[in-house]
1. Of the residues that sit in segment 124-147 and are closer than 20 Å to V199 by Cα and near the ligand (Cβ under 10 Å from one of its atoms), which one is surrounded by the fewest Cβ atoms within 10 Å (Cβ to Cβ)?
2. Could you please give the count of residues in segment 43-89 that are out of contact with any Gly (no Cβ under 6 Å at 6 or more places or on another chain) and part of a helix (DSSP H, G or I)?
3. Please go through segment 90-145 and pick out each residue that is assigned to a loop (DSSP other than H, G, I, E, B) and of a type in the set (A, V, I, L, M, F, W, C).
4. Does F191 satisfy the criteria of being touching a strand residue (DSSP E or B) at 6+ places or on another chain (Cβ under 6 Å) and under 19 Å from E28 (Cα atoms)?
5. Name the pairs whose Cβ atoms lie under 9 Å apart, with the first residue in segment 174-194 and within 16 Å of Y123 (Cα to Cα) and outside the structural domain of D30 (by TED's automatic domain parsing), the second exposed (fewer than 13 other Cβ atoms within 10 Å of the Cβ) and modelled with pLDDT of 95 or more, and 6 or more positions between them or separate chains?
6. Can you tell me how many residues in segment 179-220 are at pLDDT 95 or above, aliphatic (A, V, I, L, M) and under 24 Å from the mean Cα position of the chain (by Cα)?
7. Taking segment 24-53 as the region of interest, how many residues are without any contact (Cβ under 8 Å) to a residue 24 or more places away in the chain and of a type in the set (V, I, T)?
Amino acid sequence: MKKLIVLFLMVVMPALGLAAGGNVHLEEADIDPTDQASLQRGAKFFVNYCLGCHSAKYQRYNRMAQDIGLTEEQVKANLMFTTDKIGDTMEIAMSPDAANRYFGTTPPDLSLIARSRGVDWLYTYLRSFYIDESRPFGVNNIVFKDVGMPHVMLDLQGWQKAVFRENEHGGEPVFERFELVKPGAMTPEQFDGALLDLVNFLDYVGEPYKLERQRLGVKVLLFLAFFFVIAYLLKKEYWKDVH
Ligand code: HEC
């Protein structure tokens, strides 16, 4: 019985917790990790809009160049702002102390964010900042309540307002939809496209070997299939004399 209770706590409780926190619908991030043009656009977006505050400290510039189909010169000229050594990792210039003073918290490293949060959450989070005058930066976020991150893509997305409806079961109001009150430099479609590129890039950063692993996996399976045939024929050959 004790075991059962422990099992319940370990397996069912976290699932319930997730269900409770997940009352916001997550948009599906339809990304294609084999699309190098998308990864390149995502990398550019990342260094321009995120690397000011967030590092990706497990990602090396030269490895990225190779993986997303750029030359080292292209990366040096267009994507490197905090270092001039192509073998360096994607660090930021800001110290954790300074970050704490500005934001009251340290912007986390984003190397593994796509794996810990999932790409759908990430995509939804990035497009869900809305006006909230009560917050220090004037914005809040639907999937990350009282977030400490300013809306750094405001010039692109524009200002959006969140419309809530009353919760019929009592408790917090329920999010219904966004309303764009002041357009940004991009249309909503362009903005979502740019975010998908960014999420694609962050997903790549979370597991740079993914494509290689999948390619290798296919080869391994093919080899095993081939080997199975050989082993089977051999077995038949050996047992012929025994029978
Ligand atoms: C001006 C600094 C700044 C910039 C630029 C910035 N962020 Fe943030 N970000 C923060 C801070 C501060 C937090 C911590 C928020 C908190 O914990 O309340 C944060 C949190 C996050 C989180 C949530 C992490 C978690 O706890 O799971 C994600 C994801 C994120 N940022 C992604 C991005 C991406 C992608 C970009 C580029 C488009 C970006 N940020 C640009 C400051 C920044």
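1. This residue is F144.
2. Result for segment 43-89: 21.
3. Across segment 90-145, the qualifying residues are I92, A93, M94, L110, L112, F137, I142, V143, F144.
4. Answer is no for this residue.
5. Here the result reads none, with nothing in segment 174-194 linked to a residue that is exposed (fewer than 13 other Cβ atoms within 10 Å of the Cβ) and modelled with pLDDT of 95 or more.
6. Looking only at that region, the number is 9.
7. Going through segment 24-53 one residue at a time, the tally reaches 0.
Yes or no, residue by residue, for (1) surrounded by 10 or more Cβ atoms within 10 Å (Cβ to Cβ); (2) in a helix (DSSP H, G or I); (3) more than 16 Å from the ligand (Cβ to nearest atom):
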position: V163; (1), (2), (3): yes, no, yes
position: G193; (1), (2), (3): yes, yes, no
position: L196; (1), (2), (3): yes, yes, no
position: V199; (1), (2), (3): yes, yes, no
position: F223; (1), (2), (3): yes, yes, yes
position: F226; (1), (2), (3): yes, yes, yes
position: A231; (1), (2), (3): yes, yes, yes
position: W239; (1), (2), (3): no, yes, yes
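The values are calculated or read from the model by the stated rules, or taken from the named source; none is laboratory data. Everything numeric here is computed off the predicted structure, so don't read it as measured data. Cβ sites come from the backbone with ideal geometry, for glycine too, and all protein chains shown count toward neighbours. Accessible surface is based on the protein model in full, side chains and every heavy atom, while ligands, DNA and RNA are left aside. Shrake-Rupley method; radii C 1.70, N 1.55, O 1.52, S 1.80 Å.
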